[in-house]
Amino acid sequence: MNSTNTNTVQHKYWAKTSLVLIIFMLFLSVGAFAQGKRLVTGIIYDNTNVPLPGVNVLEAGTTNAVATDADGKFVIEANVGSTLVISSVGFASQNVVVDASASTLDIHLVEDAIMLQGVEVVSIGYGTMKKSDLTGAISTVKGEDLVKGVITSTEQALQGKVAGLTVSQSTGDPSSGATLRLRGGTSLTASNNPLIVVDGVAGVDINIVQPSDIKSVDVLKDASATAIYGSRGANGVIIITTKSGTKGTSFVYSGYTGISQASNNLDLLSADQWRGYVRENNLADAVDYGGNTNWQKELQQTAFTQSHTISISSGTEMSGFRSSLLYLNNEGVIKTTGLERLSANVSGYQYSANKALKFDTGIFANIDKWHPLDYRIFERAFNLNPTIPVRDANGNYTEVGGTLNENPVEIMNNRTADSERHRVLGYFKTEAKFLNDFTATVNLSLEHNATQGDTYKPSYAVMEGRTENGYAQKTYGEYTNAQIEAYLTYARTFGKHNVNATGGYSYYNNIYKGFGAQRSGFVTDLFSYNNLGAGYNYRLGDVYSYKGESDLVSFYGRANYSFDSKYMITGTVRRDGSSRFGANNKWGTFPSVSAAWRITGEEFMQSSGNWLTNLKIRGGYGVTGNQDGIGEYKSLSILGVGRDSYYDPATGNWSLAYSPVQNPNPDLKWESTKQTNIGVDFSLFNRITGTFEWYNKETNDLLYTYQVPQPPYLVGTMLANVGDLSNKGIELTLNANIIQKENFTWDANFNFAKNKQKIERLSNQTYKTDVIYSGSLHGLSGMSNQFSQIIKEGYPVGTFWGPKSEGLDENGNIIVGDEDQEIGNAQPDFSLGLGMNFTYKDFDFGFTGYGMFGQDVLNATDMMLNDPNRLPSYNVTDDYLTSGIKSSPQYSSYWIEDGSFFRLQTVTLGYTVPMKSTSKLRLYVTGQNLAVFTNYKGVDPEVNFSGLDNPGIDRFNNYPRPRTITFGLNFTLAN
């Protein structure tokens, strides 16, 4: 075979082979094409099973991308084996591999707290702003992060949640509220509570809103944030935004039932201990009444609580509404007490004119009913001999002689006390957008609060009833706040420049009025408090009434400017005119300025790596006011009815005389607080966010009632602006997403605050005082007209002042020094809050706690009970028997205790039942007040820390805090 034929054969062979290979490759490629593409559909949900619209679904390495529709659905054609990147603002990105065998996906995104905090919108007063653009000190608490469990006062839901905000509840009485303090008190006589703003309505009762209706709470701390509220912003501002209608329709039921018992009692001698003491000491005059009574337990009960809340929400892009109804019945752990509440609200929104107009309206209403307690029962329960039975052999309440020795069970049961409060808040808000960048807003609101109290002590009641032959009283008080807010907002972005400005007008009118009547001397007890006219004893002062009115007119403005989202500055000014102010100070001006720099936005920070994801520093200065210390008509000369009478010869009758009761003060004005604040916001490793704040508050023109000479003054006292007070402190807030996995998450939050207060000045050339005595001990045995505290220059409010004790001598007498000095302080050195939340698949677990440290408590209860003269007639504590005390009570540092504590506030275990639909069912159990870690010997270390009367004094007011276990469920039906 020649070479030519050989080459021909080889060419044909390779041609055939190549043709086969080409055909094979074509089949492979067709097969690969047929096998490599997959039409993928799915629904994307958030972590609460709500579908998410606008989520980006991207095939990695390509430009192939789609977004979910309004129902969270998406459809995308992608290669098998490729990766779909699911991303949405505020959620952690999730990668999903396209599987050849699956074409339908259900994806649940997990919230990314770091990203959320950057885009989170917070309320700043007359507007909102992204949290990342803030220049002032503002803390935010979401509705789902509020304290859960049995909440009878909305303030309790914020306990331990905000650095610098102290929420103190000094009693376990369900009808009692809590005290709010933000960065220390700023006044001696005025309210120290922050201003409450609900859905844009300022100055309302915080309990008009129930925790279940709250969407978010924004706490404005520094003057640069609160100056927009002028003469009412010195104590900070708490802005509450309630839930409203959202897209779609949902029905939510939340309910729980709880069991409560007193968490602690005083350790007093039992009947057997009392008898043993009597035998050992051979006390012949001791009277054993044959009983075995724990008087504290006789007042207490196992309390049951139930709560039911139903809410309905529905909305579209153009309109929506939300309504809710709550019923709460919370029995107190002290018999006859408790709180019953019925609360409802309805809100809605409507757009028109292509969304150029928006109308918002809302109505909140609730009714509270409770039975006020005579707190004298606690002192009697501590006093009574434990061998005295509650009832004698005839079934009547046992009575024994002796001062303060009345039967506390009789006092509690043989009286009728009913109180009722009605709250209503309504608002109508209109927003009109025009010329692209302008929005005009008008908000009209009306709040009405009315309280009625009825009391009857029958003729057989030991306390007042017998001496008065029956005693009845009825009281009624109400107030109405009407407001109009009208403001214009301009917002525009020019490239890297962003401008937002607001200017407005406000008018606020407050009217309060009330009356009361009492009567004694009833021939029958059948009328109770319903027929006061049947009482035959008439006395001066049995009937009274009152009414007052005030107006506040304001003009305000605020401008925000930012460049490239790195440099931000805010300026605010408000001018207030108040009818409460004196003739020479009718108007006040309250300015502020603040700036911020996002350092991580700079190019030189780009090489810092991923450990520092955000760093922003802020600084601000401003002036705010507090006009709550100036009551209506305090700047005017007032005449009042005296107890003296005169004879009118024209009528032949005796008439009551009117005389001056108040001096005029045309210089009376608001208390002003100047505040400097420096803050740092940071994020670390994309896991931890935090804020550090330093502040310096200086309050001037403190109001106090001073003694003045007569003459030239007609009245011996006058309210005047004189003193100065300072508060300095630091705050730290940390939030950590420690673990974020699909089946397991672990989040933690921590806040710390330290505040130091000092009275800088109390006197001037006209009004002088060296010291103000407070903390009265009057009414305690041997303590008549004695005070335990002072208000003095160089010291904080709540300073305990008295002799220092060196302990006991060999005879059991308390060694007391001759010189009075500072022996303690009721204000804490620092406070903190802590919380952790875990989820594992469908289970969730979390706990919260809070504490205050370094504060002193005067255990006046212990001081009275450790008296050797009490036995055998009265009872004493167990500790007394080993104390070695042989001397009568005397106020000194011996009775000052460290009141530091940390309270395990709530512990919750929940389970979410897996459901295929968008419905959700969660079952849970919560424990409240499970433990308190403290060295304090009294019933509870968390006593009253506010006001001038008795801060930090534990004085027979020991309504025990309940320890509660609740079982509940939350059910959501949504589409």
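Throughout, read-outs are computed from the coordinates displayed, never taken from laboratory work. These figures come from a predicted structure and were not determined experimentally. Here the Cβ positions follow ideal geometry from the backbone for every residue, glycine too, while neighbour counts run over all protein chains shown.
Numbers below:
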{"item": "Relative contact order computed over the chain (Cα-Cα under 8 Å; 6+ residues apart), in percent", "result": "11 percent"}
{"item": "Residues in the range 449-474 reached by a label modelled at Arg539 [backbone nitrogen below 19 Å; 7 Å Cα→Cβ]", "result": "454-474"}
{"item": "Centre separation in Å (Cα based) which lies between the range 601-624 and the range 306-375", "result": "41 Å"}
{"item": "Net charge of Cβ neighbours under 15 Å - reference Met718; Lys, Arg +1; Asp, Glu -1", "result": "+1"}
{"item": "Reachable aspartates and glutamates from Lys937, criterion Cα separation under 19 angstrom, eight or more residues apart if same chain", "result": "Asp267, Glu379, Asp856, Asp862, Asp867, Asp878, Asp879, Glu897, Asp898, Asp954"}
{"item": "Loop GluC sites (Glu not before Pro), the range 723-810, which have at most 10 other Cβ atoms in a 10 Å radius of their Cβ (DSSP)", "result": "Glu742, Glu810"}
{"item": "Packing-based exposure ordering (other Cβ within 10 Å, fewest first) of Ser592, Ser917", "result": "Ser917, Ser592"}
{"item": "Signed unit charges on C-beta, dipole axis of the chain, positive-most listed residue Ser683, Ile896, Asn79", "result": "Asn79"}
{"item": "Violating pairs (Cα-Cα greater than 29 angstrom) within the set Lys37/Lys841; Lys669/Lys768; Lys221/Lys792; Lys131/Lys754; Lys215/Lys841", "result": "Lys37/Lys841"}
{"item": "Under the Karplus curve 6.51 cos²θ - 1.76 cosθ + 1.60, θ = phi - 60°, whole-Hz ³J(HN,Hα) for the range 325-335, x wherever Gly or Pro sits", "result": "9, 10, 10, 10, 10, 10, 6, x, 6, 9, 4"}
{"item": "Using a Förster distance of 56 Å, the FRET efficiency for Ile815-Ile484 (Cβ separation, nearest 0.05)", "result": "0.30"}
{"item": "Net +/- balance of residues flanking Val141 in space, Cβ distance below 9 Å, scoring K and R +1, D and E -1", "result": "0"}
{"item": "FRET efficiency estimate (nearest 0.05) - Cβ-Cβ, Leu921 to Thr41, R0 22 angstrom", "result": "0.25"}
{"item": "Ratio of Rg to Rh over the range 740-876 (Cα coordinates, Kirkwood Rh, two decimals)", "result": "1.19"}
{"item": "For the range 155-162, 3J(HN,Hα) per residue [Karplus equation, 6.51 cos²θ - 1.76 cosθ + 1.60, θ = phi - 60°, Hz, x = Gly/Pro]", "result": "4, 4, 5, 9, 5, x, 9, 10"}
{"item": "Under 10 Å, Cβ to Cβ, from Lys728 - net charge with Lys/Arg +1 and Asp/Glu -1", "result": "+4"}
{"item": "Trypsin sites (Lys or Arg not before Pro) within the range 454-507, DSSP loop, no more than 16 other Cβ atoms inside 10 Å", "result": "Lys496"}
{"item": "Calculated diffusion of the chain, Stokes-Einstein form, Kirkwood radius summed over Cα pairs, 20 °C and 1.002 mPa s, µm²/s", "result": "66 µm²/s"}
{"item": "In order through the range 175-188: 3J(HN,Hα) via Karplus (6.51 cos²θ - 1.76 cosθ + 1.60), integer Hz, x for Gly, Pro", "result": "8, 9, x, 10, 9, 9, 9, 10, 6, x, x, 10, 9, 8"}
{"item": "Spin-label zone in the range 40-79 - amide nitrogen under 16 Å from a point set 7 Å from the Cα of Glu317 along the C-beta vector", "result": "53-55, 67-73"}
{"item": "Amide H contacts of Gly164 (H built 1.01 Å from N, under 5 Å, at least 5 apart or other chain)", "result": "Ala753"}
{"item": "Full-extension gain in nm, Val499 to Tyr460, via 0.36 nm per residue minus C-alpha separation", "result": "6.7 nm"}
{"item": "For Ser562, Ser579, Ser594, order by how many other beta-carbon atoms lie within 10 Å, fewest first", "result": "Ser579, Ser562, Ser594"}
